[in-house]
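Here's the structure, in structure tokens; my notes come after.
The values are calculated or read from the model by the stated rules, or taken from the named source; none is laboratory data. This one's a predicted model, so the numbers in the text were calculated from it and none came from an experiment. Reconstructed Cβ throughout: ideal geometry from the backbone, glycine too, with neighbour counts over all protein chains shown.
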Amino acid sequence: MSEAVQTGQPAVLFDLDGTLVDSVYQHVLAWREALEHEGIDLSVWRIHRRIGMSGGLFLRALDREVGIQITAEQAERLQQIHGEGVRRRLDQIRPLPGARELLRRLSDGGVPWAIATSGRAETAHPIIRLLEVPEGTVVITRDEVPFAKPNPDLFLAAAGRLRRNPRDCFVVGDSVWDMLAARRASALGIGLLSGGYGREELTAAGTYRVYDDPADLLAHLDELGIRT
């Protein structure tokens, strides 16, 4: 029998890269490195526009961008090289301003929260450790769901682990893929500018509010009806 859904304080479901940690451009450079290894030339700005979706969807989009057929074996190799590239750049990655403080405030206020990332566990967990999250924090990675963003699976799984109805959740993300996934999960999307997408793009993708970064969101939690 499934556990009953709880009510009360809304839950907050966070994306990771570009939302809680300043890691978007490390992912971009790691993807460029992987593509160059396979002899594929793609501009950095085109790679950035795809950050936030799953690696598999990124590579499908790549098929359209450069007009080549990427084999399953090549796709797996690309994702492995990308992961290695991110891990080599871990010393360059920092929590975004206010990220640790925001998570601490939510925890201290009894507000349930989780992290749901399109990254694989092997790259996501070392980055999450930079946030000094409490033991037992709910973390959903790409490995745990059938489909990643813009599909809603990651956020639905995170809401389920928190025993919250997705309609009672805020999804905080930095990309249009986060906002599209939030809409499909029937959650309210909160956009952050810290991943490089513009306010207008996030708004057009369905975000409810847009803030600069975690510090700005922390200063405006009351606007979301979250009381800590």
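Annotations
- Helices (runs of 4 or more DSSP H) wholly inside region 36-153 containing at least 1 residues that are aromatic (F, W, Y) and out of contact with any strand residue (DSSP E or B) (no Cβ under 9 Å at 6 or more places or on another chain): 44-48
- Out of L90, L59, sole residue that is in contact (Cβ under 8 Å) with a residue 12 or more places away in the chain and in contact with a Leu (Cβ under 7 Å, 6 or more places away or on another chain): L59
- V86 falls short of the stated requirement of being among the aliphatic types (A, V, I, L, M) and closer than 23 Å to I190 by Cα.
- Qualifying helices (runs of 4 or more DSSP H) (wholly inside region 172-227; at least 2 residues being in contact (Cβ under 8 Å) with a residue 12 or more places away in the chain and not assigned by TED's automatic domain parsing to the domain that holds V111): none
- Note on region 68-86: residues that are surrounded by fewer than 16 Cβ atoms within 10 Å (Cβ to Cβ) and either among the basic types (K, R) or within 25 Å of N151 (Cβ to Cβ) (or both) total 9.
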